[in-house]
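*Asks:* Have a look at the structure that comes next, please.
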Amino acid sequence: MTTEIYYLSGTGNSLHVAKELKKRIPDSDLIPLVGIKNKKGIKTEGEVVGFVFPVHFMTAPKVVFSILEKIDMATANYIFVIATRCGTPCGVMYRQFEKLLQRKGKCLASYITVNMANNDPKFKNWKPCSREKLNEIDAALQKKLDIFMDVIQNREQYRETDHEITFPVNPVFERLGILVITLAGDGKECFYADSSCSGCGSCEKVCLSSKVRMVDGRPEWQKNKNCYSCYACLNFCPERAIQLKSTPLTKLYTDQNGRYHHPDISLNEIALQKLELEHGKVEG
Ligand SMILES: Cc1cc2nc3c(=O)[nH]c(=O)nc-3n(C[C@H](O)[C@H](O)[C@H](O)COP(=O)(O)O)c2cc1C
């Protein structure tokens with residue numbers, strides 16, 4: 001049976017990790033979570049099933065949990081998770097996963113968290129991200145994946161320990177973070193396009209939640225759709241025209257911090273996640 005690697009990725013970090021893992025596992029398939037989210041009766045086909053996604057607000061994006069709830073994992077005998085992040089603890093997230101899988105009669109066999117680059121100035125180590133720094137981060141990633149691939153192939157139990165200090169506050173922090181991001185800008189959406197917008201539509205293409213729609217050549221963030229906070233619209237805009245309204249949290253991502261997407265992942269690859277493929281599989 002094949003290995004299935006389900007992924008979600010806004011700036012390309014998790015997709016890069018998923019692709020690197022696929023290179024190491026013969027007969028594995030990459031499946032975009034967004035591409036299957038509207039499918040009815042989603043069933044795994046692999047004996048080994050993995051999930052690769054970013055850490056948002058010290059846990060997994062809400063949409064990851066909601067899709068996972070829906071998947072029938074009857075075929076999965078070995079389940080693993082790889083979360084990508086820029087550096088905060090996220091131990092509670094794995095407990096959330098364990099609980100969710102327990103309800104399905106499954107267990108989380110192994111997980112690791114990998115540090116990646118991004119443009120969040122809170123994490124000074126990653127900024128500015130020179131090619132050398134990116135290579136350094138990638139070398140650490142490749143090493144970690146080599147070890148983890150052995151773990152997967154041997155069907156080992158492997159739980160990478162993470163700081164636990166945030167355990168009591170994490171759920172509060174997460175809710176607060178989601179609230180701020182959703183309500184930022186006096187209850188309006190926190191993203192907007194400034195006057196340098198050329199109307200190219202890249203933001204609409206990469207918006208994983210399909211919240212961004214081009215209307216009369218300008219992006220609009222529809223109120224009736226939930227944002228996945230993936231920041232793909234902001235980071236893939238070729239004009240850097242997409243901004244975040246200034247709030248205590250969101251002002252951290254202003255133009256002075258630049259834009260980041262993984263150098264080996266293209267806008268089209270991010271957009272492809274939304275394609276509802278018959279079997280949910282993406283080649284490459
Ligand atoms: C809205 C948002 C919240 C984030 N929260 C955290 C966090 O709590 N801890 C952390 O280490 N990284 C955090 N990050 C950084 C991402 O986890 C990191 O850049 C990740 O590799 C992005 O993966 P992707 O490109 O596949 O989306 C956050 C990023 C965004 C956009």
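The values are calculated or read from the model by the stated rules, or taken from the named source; none is laboratory data. Note that the coordinates shown come from a computational prediction; the quantities given were computed from them, not determined experimentally. Note: ideal-geometry Cβ built from the backbone for every residue, glycine included; neighbour counts use all protein chains shown.
*Asks:* Any idea which residue in the range 30-60 is farthest from residue 236 (Cα to Cα), counting only those that are at pLDDT 95 or above and of a type in the set (Phe, Trp, Tyr)?
*Replies:* For the range 30-60, the residue satisfying everything is 51.
*Asks:* On the given criteria, is residue 47 more than 15 Å from the ligand (Cβ to nearest atom) and either closer than 20 Å to residue 228 by Cα or under 14 Å from the mean Cα position of the chain (by Cα) (or both)?
*Replies:* Spelling it out, it is not the case that residue 47 is more than 15 Å from the ligand (Cβ to nearest atom) and either closer than 20 Å to residue 228 by Cα or under 14 Å from the mean Cα position of the chain (by Cα) (or both).
*Asks:* Condition first: outside any loop (DSSP other than H, G, I, E, B), assigned by TED's automatic domain parsing to the domain that holds residue 21, within 15 Å of the ligand (Cβ to nearest atom) and more than 16 Å from residue 144 (Cβ to Cβ). Can you find one or more residues in the range 71-89 that meet it?
*Replies:* Of all residues in the range 71-89, those outside any loop (DSSP other than H, G, I, E, B) come to 72, 78-85.
When the remaining residues are screened for being assigned by TED's automatic domain parsing to the domain that holds residue 21, the result is 72, 78-85.
Keeping just the survivors that are within 15 Å of the ligand (Cβ to nearest atom) gives 81-85.
When the remaining residues are screened for being more than 16 Å from residue 144 (Cβ to Cβ), the result is none.
No; the residues of the range 71-89 include none that is outside any loop (DSSP other than H, G, I, E, B), assigned by TED's automatic domain parsing to the domain that holds residue 21, within 15 Å of the ligand (Cβ to nearest atom) and more than 16 Å from residue 144 (Cβ to Cβ).
*Asks:* Sticking with this one: Among the residues of the range 54-66, write down those that are without any contact (Cβ under 8 Å) to a residue 40 or more places away in the chain and either surrounded by 19 or more Cβ atoms within 10 Å (Cβ to Cβ) or near the ligand (Cβ under 8 Å from one of its atoms) (or both). Please lay out each step first, then the result.
*Replies:* Restricting attention to the range 54-66, the residues satisfying the condition of being without any contact (Cβ under 8 Å) to a residue 40 or more places away in the chain are 60, 65-66.
Residue satisfying the conditions is 60 alone.
*Asks:* To continue, here is another question. Filter the range 240-263 down to residues that are over 15 Å from the mean Cα position of the chain (by Cα), at pLDDT 90 or above and buried (at least 16 other Cβ atoms within 10 Å of the Cβ), then give me how many there are.
*Replies:* Going through the range 240-263 one residue at a time, the tally reaches 2.
*Asks:* Among 150, 138, 146, which is of a type in the set (Asp, Glu) and within 16 Å of the ligand (Cβ to nearest atom)?
*Replies:* Numbers: 150 fails: within 16 Å of the ligand (Cβ to nearest atom); 146 fails: within 16 Å of the ligand (Cβ to nearest atom).
None of the other options fit; the residue is 138.
*Asks:* Only one of (1) within 21 Å of the chain's Cα centre (by Cα); (2) at pLDDT 85 or above; (3) surrounded by 20 or more Cβ atoms within 10 Å (Cβ to Cβ) is not met by residue 193, so which one is it?
*Replies:* Unmet condition: (1).
*Asks:* Within the set of pairs 6 or more residues apart or between chains, which connect a residue that is under 14 Å from residue 119 (Cα atoms) inside the range 81-93 to a residue that is within 8 Å of the ligand (Cβ to nearest atom) and among the acidic types (Asp, Glu) with Cβ atoms less than 6 Å apart?
*Replies:* 86/120
*Asks:* A further question follows. Output the residue which, of all residues in the range 1-29 that are assigned to a loop (DSSP other than H, G, I, E, B) and within 13 Å of the ligand (Cβ to nearest atom), is nearest to residue 236 (Cα to Cα). Break it down stepwise before answering.
*Replies:* The initial filter retains those residues of the range 1-29 that are assigned to a loop (DSSP other than H, G, I, E, B), namely 1-2, 8-12, 25-27.
When the remaining residues are screened for being within 13 Å of the ligand (Cβ to nearest atom), the result is 8-12.
Details: 8: 16, 9: 12, 10: 9, 11: 8, 12: 10 Å.
Checking each candidate, the answer is 11.
*Asks:* Collect the residues in the range 195-227 that are of a type in the set (A, V, I, L, M) and either over 16 Å from residue 272 (Cα atoms) or part of a loop (DSSP other than H, G, I, E, B) (or both), keeping them in residue-number order. Break it down into steps so the answer makes sense when it comes.
*Replies:* Keep residues of the range 195-227 that are of a type in the set (A, V, I, L, M), which gives 206, 208, 212, 214-215.
Matches in the range 195-227: 208, 214, 215.
*Asks:* If I ask for residues that are more than 15 Å from residue 275 (Cβ to Cβ) and assigned to a loop (DSSP other than H, G, I, E, B), which ones from the range 31-61 would you list? Please lay out each step first, then the result.
*Replies:* Looking only at the range 31-61, we keep the residues that are more than 15 Å from residue 275 (Cβ to Cβ), and these are 40-61.
Passing the criteria: 40, 41, 42, 44, 45, 46, 47, 55, 57, 58, 60, 61.
*Asks:* A follow-up question, please. Starting from the range 7-26, keep only residues that are on the phi < 0 side of the Ramachandran plot and crowded, with 21+ Cβ neighbours inside 10 Å, then list their pairs with residues that are part of a helix (DSSP H, G or I) and polar (S, T, N, Q) whose Cβ atoms are within a distance under 6 Å, requiring at least 6 positions of separation or different chains.
*Replies:* Every condition considered, the pairs that remain are 7/14; 11/235.
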